[in-house]
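Engineer: For reference, the structure I am asking about is given below.
Values quoted throughout were computed directly from the atomic coordinates according to the rules given, and no laboratory measurement underlies them. Everything numeric in this text was worked out from a predicted model, so none of it was measured. Positions of Cβ are backbone-derived with ideal geometry, glycine not excepted, and every protein chain shown enters the neighbour counts.
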Amino acid sequence: MAEKYLVVIDIQNDFVTDALGTAEAQAVRENAVRKVADFTGEVLFTKDTHGADYLQTQEGRKLPVEHCIRGTAGWELIAELETFRKREGCHVFEKNTFGSLELAQYLREKYEAGEVESVELIGLCTDICVVSNALLLKAYMPELGIAVDASCCAGVTPEKHEAALDTMESCQIDVLNR
């Protein structure tokens, strides 16, 4: 039986209130929590995941702000989503870069088996990890309906959020609630 999937991208403490937190991320928090709670289908999570050597990586040199270091409070999902994840036993994909090849492969295998009806994404940051994962999923499954709920996403800036939504629309990803 085909199922709907909701992919929650990196709604972690460091992106909401801690190291790289923004007012925009805080503003969509309630929408995202409500979306997850009300979703009918399977919910998957990604977690931006870095090690203690983050500042020595290419990303760390370009963005020299330690964040989402495995095992820290900033690496954890926000409390409401962590409670949901534990209660429902949701799968979490840890990723050390913007897009998750493991997530794309996981969903493609299910899609090829006829088990995926649609995929919707929400999360942070629209212009980095959300767009990267949406484009990976579209590349892996070009005929699958993929959507992003703009009301549950925030970019590094409002302008970059809008630019990422434009990019996704150009690539035939449906943008909802814009």
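Engineer: From the Cα gyration tensor of region 131-178, with a ≥ b ≥ c the square roots of its eigenvalues, which class applies: rounded if a/c is under 1.5, or else prolate if a/b is larger than b/c, or else oblate?
Structural biologist: It comes out prolate by the Cα gyration axes.
Engineer: Also, quick follow-up: Taking the chain as the region of interest, what is the percent of Cα-Cα pairs per 10 angstrom bin, listed from the shortest bin to the one with the maximum distance?
Structural biologist: 10, 41, 37, 11, 0
Engineer: GNM, the chain, Cα, under 10 Å: largest mean-square fluctuation among D38, D18, D149?
Structural biologist: D38
Engineer: Report D for region 1-72 in µm² per second (integer): Stokes-Einstein, Kirkwood Rh on Cα pairs, 10 °C, 1.306 mPa s.
Structural biologist: 115 µm²/s
Engineer: I need the phi-derived Karplus couplings for region 15-20: 6.51 cos²θ - 1.76 cosθ + 1.60, θ = phi - 60°, integer Hz, Gly and Pro marked x.
Structural biologist: Computed from phi, the couplings for region 15-20 are 8, 9, 10, 9, 3, 10 Hz.
Engineer: Could you go through region 63-70 in sequence order and give the Karplus-derived ³J(HN,Hα) for each residue, using 6.51 cos²θ - 1.76 cosθ + 1.60 with θ = phi - 60°, rounded to whole Hz, and x for Gly and Pro?
Structural biologist: Once θ is set to phi - 60°, the couplings for region 63-70 become 10, x, 10, 4, 7, 6, 7, 3 Hz.
Engineer: Just the number: Rg to Rh for region 92-146, Cα atoms, Kirkwood Rh, two decimals.
Structural biologist: 0.95
Engineer: With both bridge residues required to lie in the chain, what share of the DSSP beta bridges run antiparallel, to the nearest 5%?
Structural biologist: Working: 1 of 26 bridges.
About 5 percent, rounded to the nearest 5.
Engineer: For T97, what is the net charge nearby, where nearby means another residue's Cβ is under 10 Å from its Cβ and Lys, Arg count +1, Asp, Glu -1?
Structural biologist: Numbers: positive: K95; negative: D48, E59.
With Lys, Arg at +1 and Asp, Glu at -1, the neighbours total -1.
Engineer: Let me ask something additional. Could you run the Debye sum over the Cα atoms of region 16-121, one equal point scatterer each and no solvent, and tell me log10 of I(q)/I(0) at q = 0.18, 0.19, 0.22 Å⁻¹, two decimals?
Structural biologist: -1.04, -1.13, -1.34
Engineer: Most fluctuating residue of E24, E76, E143 in a GNM of the chain with Cα springs under 10 Å: which is it?
Structural biologist: Maximum among the listed residues: E143.
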